[in-house]
Amino acid sequence: MSIERVFVAGAGLMGHGIAQVHAVIGKQVTLYEPDLARAGAGRDRIAGNLERAVTRGQLDSVAREAILARITPTDRLADVADADLVVEAVFEDLGVKQTLWAELDRHARPEAIFASNTSSIAIAELAAAVREARRPLFVGMHFFSPVPVMRLVELIRSSTTDDATEAAIRALVAELEAHGRERDGVKPWVVILSADRPGFIVNRILMPFLAEAMLALEEGLGTAEDIDTGAKRGLNHPMGPLELADFIGLDVCLGVMRVLHSGLRDERFAPPRILDQLVAAGHLGQKSGRGFHTYPR
């Protein structure tokens, strides 16, 4: 199946990046939020990203305008009607996602592929919200932030996802890769295939690491700065674990850990008390100005 029209539900941190990379390779993108101003703000963030690329000499102004012209903000779910691919990138909450998918299923074409950007929730649980005939077309398509830079898609098949759907997503990522290689020669786009289990591959590895760093801070093993510096210098990581958690969003980390802990019933994935406390206090990391560190740093 050829994918030319993409509907992205959610214009936040992940959604606007997903919209951007598809518009860059020539896809017509509809960027949805229930509030049109928020959808417009997502497009504005893309405009800012592209302007920085122009300043760096990676893009010219004509190409910038052409990319932006392919992105249409909307507050109407019915605008999904002509999409070939629907990507959901809303808050990591099963009920929120299922409600949205059920509504999208009512408006989308029967042959449209449904892809969730969930970072931890089982695809089979999300697919349960749509009609049985749609479930072979339902897949996990997990991007990483910032989407234009990370260039990784974690593809997750449920027991009902069919081979044609996987092939269509792989072909789409191949288009992203071909364009990226042609344009700037940086690291390639890559697809990894995960079984449909809580956290998939990357977060199954990452969250216990972040939790252990949080526990080390909670127990007074070191300061946040020293823990992060130890990981950066001693493990050769580009970002320390507490800084990374702040970048992801502490509310997002907490949600993912809860899904993992509940689904795997393993104490390694239990959210540390300090994480619960910070989120309860509204300290969510970079986006709120304070988490394990204070921002700007």
* Counting just the residues of segment 67-83 that are within 22 Å of Ala168 (Cβ to Cβ) and of a type outside the set (A, V, I, L, M, F, W, C), which one comes out surrounded by the fewest Cβ atoms within 10 Å (Cβ to Cβ)? -> Asp82
* Please find, among Glu212, Glu154, the residue that is closer than 23 Å to Met257 by Cβ and assigned to a strand (DSSP E or B). => Glu154
* Candidate set from segment 144-164 (those that are out of contact with any Ser or Thr (no Cβ under 6 Å at 6 or more places or on another chain), surrounded by fewer than 22 Cβ atoms within 10 Å (Cβ to Cβ) and touching a residue at least 40 places away in the same chain (Cβ under 8 Å)); member that is nearest to Arg52 (Cα to Cα) -> Pro148
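Can you pull out the residues in segment 253-274 that are buried (at least 22 other Cβ atoms within 10 Å of the Cβ) and within 19 Å of the chain's Cα centre (by Cα)?
Cys253, Val256, Met257, Val259, Leu260
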* Hey, can you tell me all the residues within segment 128-151 that are farther than 22 Å from Val252 by Cβ and in a helix (DSSP H, G or I)? => Glu132, Ala133, Arg134, Arg135, Pro136, Leu137
* What pairs come up if the first residue lies in segment 233-255 and is more than 17 Å from Gly199 (Cα to Cα), the second is among the hydroxyl-bearing types (Ser, Thr, Tyr), and their beta carbons are under 9 Å apart, counting only those six or more places apart or on different chains? -> Gly240/Thr229; Asp246/Tyr295; Phe247/Ser145
* Out of all the residues in segment 203-225, is one or more closer than 20 Å to His142 by Cα and among the charged types (D, E, K, R)? -> yes
* Which one of Val86, Val96 is buried (at least 17 other Cβ atoms within 10 Å of the Cβ), at pLDDT 95 or above and closer than 26 Å to Val252 by Cα? -> Val86
* To do: State yes or no: is Ala9 crowded, with 22+ Cβ neighbours inside 10 Å and more than 22 Å from Gln286 (Cβ to Cβ)?
  => yes
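The values are calculated or read from the model by the stated rules, or taken from the named source; none is laboratory data. In this text, all values refer to a predicted model and were calculated from it rather than measured experimentally. Counting neighbours? That spans all protein chains shown, and the Cβs are built from the backbone with ideal geometry, glycine included.
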